[in-house]
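Dropping the structure in here first, questions after.
The values are calculated or read from the model by the stated rules, or taken from the named source; none is laboratory data. Quick caveat, the model's predicted, so the values are computed rather than measured. Note that we place each Cβ from the backbone using ideal geometry, even for glycine, and neighbour counts take in every protein chain shown. The accessibility values were calculated without ligands, DNA or RNA, using every heavy atom of the protein model including side chains. Shrake-Rupley method; radii C 1.70, N 1.55, O 1.52, S 1.80 Å.
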Amino acid sequence: MKRRQFVKTLGAGTLLGGSAFSGAGAAAEQRFNWKLVTTWPPNFPVFQDGVERFAKDVRRMSDGRLNIQVFAGGELVPPLQSFEAVSQGTVEMGHGAAYYWAGKVPAAQFFTAVPFGLNAQGMNAWLYSGGGLKLWREVYEPFGLTPFPMGNTGVQMGGWFRKPIKSLADLKGLKMRIPGLGGKVMAKAGVNPVLLAGGEIFTALDRGTIDATEWVGPYHDLRLGLYRAAKHYYYPGWHEPGPVLELIINSKAWEGLPRELQLTIETATAASNLWMLSEFEARNLEALRTLQEKYHVEVLEFPSDVLAALREFADVVLDEQAAKDEVFRRVRDAYRAFQADNAAWNAVSETAYARSLRKIKVGML
Ligand code: CA
């Protein structure tokens, strides 16, 4: 018995050793040619640039074993069909923002930004260390998608208004391009939220088809030329306080990658996440100064009573959505609990520190 067992063990061991060895050899040679479609226009600074930088990083880190070909929105599939394309396996990867899929997955919005929600630092803390990414993967599991955080714009600007906003009453009846939950919150204040793609915004604002719009932040808004159509530029972007960009991978393709290439992707997405946020943080002020000094844009803070009212509307909007969708409610509860703790910690860290810097006067650029 003992001898037979020994032989059997030895046999299995040899076989395992042999297969593991040849398996490793085959895996080391196996090359992957993947396609990545984005929701961004070609050459879109930071967003599309960041994705191309990511693909280059992965190619270099994997010594060419994982070769990712990047397509801008519309080059291979229409920009807002990347979710389906990756889900169905037409392409292996997509880059965009989770809240674009709110129609299919309302809870996805929490993984980008919600009004008066977490900022970029808070989102990273929630996703990487507070259970957020695990929850995100659960929410995307039925679609055969594995998501990763990959990019963040930081706090956006509140938007461009043709007329100043001095009270809540000034919002009433305005037509504003503001998507998602932010638009729903604005609707509670009497705004008519309008959906427009990036390329349509300037003309609509210039012709007065809309009275206001939000876009991204100074760096991108300057490029779109919005200052030529409206002169009142409000902050802060309460509706998008730290929007996370996402990389989605077809789960079957992901599971078929050797572990070291999975690690390469994990590491490269985290590096891109940091790079994109850093670009926004470093470049926005220069653009804001240009807008103010060269184009005479009025940079204004929303009145505090307007912000207070919008904050209350935001709670109502989130409650309404939670009542309609169980997954939304579950993610909302987890997010809310994390945000409450994060705010408590921030009260003695970030917030207290920001308050200590009295010499930096907000609004004095
Ligand atoms: Ca925006």
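So what are the ³J(HN,Hα) numbers for the range 30-46, from phi and the Karplus equation (6.51, -1.76, 1.60; θ = phi - 60°), rounded to whole Hz, Gly and Pro as x?
Values per residue, Gly and Pro as x: 5, 10, 10, 10, 10, 10, 10, 10, 10, 9, 9, x, x, 6, 5, x, 6 Hz.
Sort ASP63, ASP315, ASP170 by heavy-atom solvent-accessible area, probe 1.4 angstrom, most to least.
ASP63, ASP315, ASP170
For the pairs LYS184/LYS231; LYS35/LYS252; LYS35/LYS104; LYS104/LYS188; LYS163/LYS231; LYS175/LYS324, flag any whose C-alpha to C-alpha distance is greater than 19 Å.
Where the Cα-Cα span goes over 19 Å, the pairs concerned are LYS184/LYS231; LYS35/LYS104; LYS104/LYS188; LYS175/LYS324.
Could you derive backbone 3J(HN,Hα) for the range 74-80 from the dihedral phi with the Karplus parameters 6.51, -1.76 and 1.60 (θ = phi - 60°), listing whole Hz in sequence and x where the residue is Gly or Pro?
x, 6, 10, 9, x, x, 8
Hey, could you pull the Cα Rg and Dmax for the range 170-279, both in Å?
Every Cα atom of the range 170-279 included, Rg and Dmax give 18.6, 57 Å.
If you don't mind, there's one more thing I want to ask. Connecting C-alpha atoms closer than 10 Å in a GNM of the chain, tell me which of MET93, MET186, MET61 has the biggest fluctuation.
Judging by the Gaussian network model, the answer is MET61.
Also: Using only the alpha carbons of the chain, what is the convex hull's orientation-averaged projected area in square nanometres?
22.7 nm²
Let me ask another. Between GLN121 and ARG330, 0.36 nm times their residue separation minus their Cα-Cα distance comes to what?
Stretched fully, the GLN121-ARG330 segment lengthens by 73.0 nm.
Residues of the range 131-150 with backbone nitrogen within less than 15 Å of a virtual label 7 Å along the Cα-to-Cβ line of ALA337, please, listed as ranges.
131-136
Report in % the part of the accessible area of the range 65-158 that belongs to carbon and sulfur, leaving out ligands and nucleic acids; probe 1.4 Å.
After summing per-atom areas, the C and S share lands at 51 percent.
Let's test the formula: R0 of 56 Å, r as the Cβ-Cβ distance of THR90 and LYS188. What FRET efficiency results, to the nearest 0.05?
Step by step, r from the Cβ atoms, then E = 0.90.
Here is a follow-up. At 7 Å along the Cα-to-beta-carbon direction for both GLU301 and THR351, put a label point, then send me their distance in nm to one decimal.
Once both label points are built, they end up 1.5 nm from each other.
Return the long-range amide H neighbours of LEU66 (sequence gap of 5 or more, or a different chain), with a cut-off of under 5 Å between placed amide H atoms.
Here the answer is PHE32, since their amide H atoms fall under 5 Å of that of LEU66.
Could I ask something else about it? Per residue of the range 236-245, what does 6.51 cos²θ - 1.76 cosθ + 1.60 with θ = phi - 60° give for ³J(HN,Hα)? Whole Hz please, x for Gly and Pro, Karplus curve as stated.
Going residue by residue, I get x, x, 4, 7, 9, x, x, x, 8, 9 Hz, with x marking Gly and Pro.
Next question, about the same structure. List the residue ranges in the chain for DSSP H helices whose C-alpha atoms run 20 angstrom or more along the long axis and whose Kyte-Doolittle average is -0.5 or above.
Length and hydropathy pass: 2-29, 259-293, 304-324.
So, one more: Using 0.36 nm per residue of separation minus the Cα-Cα distance, give me the extension gain between THR290 and GLU312 in nm, one decimal.
The span from THR290 to GLU312 would gain 4.5 nm if fully extended.
Sequence-distant or interchain residues sharing an amide H contact under 5 Å with PHE44, placed H: which?
ASP49
Per residue, how many Å² of accessible area does the chain show with a 1.4 Å probe?
Using a 1.4 Å probe on heavy atoms only, each residue of the chain averages 50 Å².
Apply 1/(1 + (r/R0)^6) to the Cβ-Cβ distance of ASN43 and ASP319, taking R0 = 35 Å, and write down the FRET efficiency to the nearest 0.05.
Efficiency at R0 = 35 Å is approximately 0.30.
Let me ask you something else. Between GLN69 and TYR128, what's the calculated FRET efficiency when r is the beta-carbon distance and R0 is 30 Å? Round to 0.05. Numbers along the way, then the final one.
Values: r = 28 Å, r/R0 = 0.94.
After rounding, the FRET efficiency stands at 0.60.
So, one more: Rolling a 1.4 angstrom probe over the protein chains, ignoring ligands and nucleic acids, what is the accessible area of LYS56 in square angstrom, nearest 10?
In the full protein context, LYS56 sits at about 100 Å².
Here's a follow-up. Of all DSSP beta bridges located in the chain, what percent are antiparallel, nearest 5?
45 percent
Pull up all non-local amide H partners of LEU76: gap of 5 or more, or a different chain, and H-to-H distance under 5 Å with H placed in the peptide plane.
Under 5 Å from the amide H of LEU76: no residue qualifies.
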